Amino acid sequence: MKKILIALFGMAIAAVIIFLMISHDRSPDIQALTDAMLEKKDARLTRLESVEDKVLRKSLLNLVYDAMFTDGMELDFRAPPRNTTYTTAKLARLDDYSSIDELTEVFLANQIAATTYPDRSCVWPREPFNYPFQHRLAWTAIRLDNGEITALPNHFSGSAYNTEIEYSGARNTFCYRDPLGPDKPAPVALVGEFSVQLPRKLIQFDFSRSDIDQSQSKDGYTVTLVEANDFSYAIEVSSPNGKSPPLGSKDIIGEALDDTGKYLSHTGTRTGRPELYEASDLIIDDLIDRAVEGTLTETQIDQRFDEMQNELNEKYGNRLHKHFFFSGSVKTARITLLDKEAKQTPFKQHLDLPIRNLARRQPTPSVDLDTLERIPTLSPVYDHSIQNKVELNADEMKTAIDIRQNEISADLEYSAQVKLYYPQVQSDRFLGIFDRYQKPGVHDIVFLNAEGTAINLPSDDPDYYRFMVSRIEYNPGRFPEKPVRLSATVPVVTTPELTKKSHDRNNLPDGVRILDNMIIIDRAVFAPARNSEPSEKTHLFFAKSAGQRYLSKVTDLHFPRTEGPGVDVIYYNGLPEIFEVWHRGDTKTVDYQVDLHLKEPAARE
């Protein structure tokens, strides 16, 4: 039981470390709770110094730190997030397909294994999208062209290796530790197995934040909203028959939407009723007392937690409790249950993927298209990243650009900031964050005092304030009087002339071919018009399905010629029916006016 509790507490570690490191806008109550948490931890550690049994002392030390992390998660519940960030619905990919089974089939059909090494000494697997259900995709071996097998190390950690292969989690690659010579067998396939317990159906519940203590029942499950605040909520799931619901922790998906209808980023989850943690906290003090007295053994630690768990199971065993935290103001709490059979056999599929050669090609006098590497990923996977809005005009900017203050901890040079967040639009593919805003002129940033009068600051002295990429940073402590308002004119770069031209596969421009799931572009023949101003990126290529939906790209290859432009080959997850060219056109600068009351910067810690 102790190990189970430690695992539960451990889920909170990352979130609490961040909590302790980031400067929150804390009320005195939050600060007092933080101080009390740390004092309790220190007092427990001091008491444990007198415990002579090293094994026993180590076990209790782990429990003390786990308890601190749990207390920190409770503080996270009380302290609002500093940033509002968004995400996509976890199950959004299901809308692309008729069923969970079809989604799974497409996911597996579009798996590829590739190498960028001429000798194939490094291989990386690629998934077509994030599979939305808990699953296991284990790569077990590389098959050689002579039929031999090279076993792979366990790759469910950051890095791992065995006698022949090293795995890098950062690059998601399996590499031979010794170079593969031309006289050695060549790797030709990546072997593995996919397994998942697929839900029979999905059951969705929506609550508003004011629905505390309200319940909804569907398909044999009852969900109750037991706790909620501006940025988190807790729910309990039960079954009408009084038995514990046949759900694992991962079978309860908690999401949140704000008042714009967008999904908020999920920042943390706590599993288990608060009574579990409260009772555990009391037990820890009792165990330390007994250890100091010399009346506690290692075995008795597990026994005491088992007793507590049995007591809680008797009282709450038929209810599952989860607490979800988000990076913004929650309007709608959305809970999805993954209904499964009580004793369900996992779905498994063996995978044997040919290793595709994506190594850089050497220049040749001509490009033989018949020798192209084939990556036959013909099942459609759609590109969810292309936003509906192409660009903002000046009027739309007034409400669409989000302004946030003091999101980072105060540093020694600039203790406050005002940051501009441009919403996601299609022109982002041409204009990055470093290109979106231009530096305001020396008279375009004005700080005002409480009377509304401009504060006289040297315009050529950066010690007071500066503009960096998308934010105005300033240090009010250096100002001759307190700044209360900011008035600034920030030039925003836009692409009002961004155009799109579509070509049906039966009416493609010269130099462009569609072959299976490839679009082949001969740059010597097809040359899109360029902008009047120099730019690294003036046009982009996309593929659409017969249903006018954008297909996701697998990868692309370039075949250089010894003279003149080469040939580009773009591979897609699906069969392109339409070739689309986006042309950026000339940019336009729009003056965006900032006028806001300044917030106090957070105290430096």
ask   = Using alpha carbons only, what's the Rg to Rh ratio of segment 411-478 with Rh from Kirkwood?
value = 1.04
remark   = Of every hundred units of 1.4 Å-probe accessible area on the chain, the number belonging to carbon and sulfur atoms, as a percent, is 48
message = Between residue 590 and residue 500, what's the calculated FRET efficiency when r is the beta-carbon distance and R0 is 25 Å? Round to 0.05.
response = 0.70
request  = Would you mind working out the magnitude of the charge dipole of segment 283-373 relative to its Cα centre, with +1 at each Lys and Arg C-beta and -1 at each Asp and Glu C-beta, to the nearest 20 Debye?
outcome  = 760
query = Which of the listed residues, 457, 192, 170, is farthest toward the dipole's positive end in the chain, when Lys, Arg count +1 and Asp, Glu count -1 at the beta-carbon?
reply = 192
request  = At 0.36 nm per residue, minus the direct Cα-Cα distance, what do residue 580 and residue 450 gain on full extension? Give it in nm, one decimal, please.
outcome  = 41.4 nm
key: Note, ³J(HN,Hα) from phi for segment 83-95, Karplus 6.51, -1.76, 1.60, rounded to Hz, x at Gly and Pro   = 10, 9, 10, 10, 8, 9, 4, 4, 9, 4, 4, 5, 5
remark   = Check: C-alpha center segment 81-160 vs C-alpha center segment 434-493, spacing in Å is 47
remark   = Diffing segment 269-284: the Karplus 3J(HN,Hα) column from phi (6.51, -1.76, 1.60, θ = phi - 60°), in whole Hz with x for Gly and Pro, holds 9, 10, 9, x, 5, x, 4, 4, 6, 5, 5, 4, 5, 5, 4, 4
note = Expected vector for segment 169-180, Karplus 3J(HN,Hα) from phi with 6.51, -1.76, 1.60 and θ = phi - 60°, integer Hz, x for Gly and Pro, equals x, 4, 9, 6, 10, 10, 10, 5, 6, 10, x, 8
remark   = Everything considered on the Cα gyration tensor (a ≥ b ≥ c; rounded for a/c under 1.5, else prolate if a/b is larger than b/c, else oblate), segment 163-305 must be described as oblate
task = Just subtract the alpha-carbon distance of residue 344 and residue 510 from 0.36 nm times their residue separation and send over the number in nm, one decimal.
result = 54.3 nm
remark   = With R₀ set to 56 angstrom, the calculated FRET efficiency between the beta-carbons of residue 241 and residue 131, to the nearest 0.05, is 0.95
ask   = Can you list the aspartates and glutamates whose alpha carbon is less than 17 Å from that of residue 41, not counting same-chain residues fewer than 8 positions off?
value = 49, 66, 71, 74, 278, 281, 285, 286, 289
inquiry  = Computed from the coordinates I sent, semi-axes √(5λ) of the Cα gyration tensor in Å equals one of [x] 49, 25, 23; [y] 57, 34, 22; [z] 46, 39, 25. Tell me the label.
reply    = [z]
inquiry  = Using a Förster radius of 35 Å, what is the FRET efficiency between residue 200 and residue 138 based on their Cβ-Cβ separation? Nearest 0.05, please.
reply    = 0.90
key: Heavy-atom accessible area ranking, 1.4 Å probe, most first, across 467, 156   = 156, 467
ask   = Where nothing but the Cβ of Lys and Arg (+1) and of Asp and Glu (-1) is charged, how large is the charge dipole of the chain around its Cα centre, in debye to the nearest 20?
value = 1040
query = Full extension from residue 394 to residue 424: what is 0.36 nm times the residue separation minus their Cα-Cα distance, to one decimal in nm?
reply = 9.2 nm
message = List the pairs from 398/482; 58/322; 501/588; 90/322; 250/331 whose alpha-carbon separation is above 19 Å, in the order I gave them.
response = 398/482; 58/322; 501/588; 250/331
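Averaged per residue, what accessible surface does the chain expose to a 1.4 Å probe, in Å²?
Result: 51 Å² per residue.
The values are calculated or read from the model by the stated rules, or taken from the named source; none is laboratory data. Model, not experiment: these values are computed from the prediction. Cβ coordinates were reconstructed from backbone atoms using ideal geometry, including for glycine residues, and neighbour counts include every protein chain displayed. Heads up: the accessible areas ignore ligands, DNA and RNA and are worked out on the full protein's heavy atoms, side chains in. Shrake-Rupley method; radii C 1.70, N 1.55, O 1.52, S 1.80 Å.
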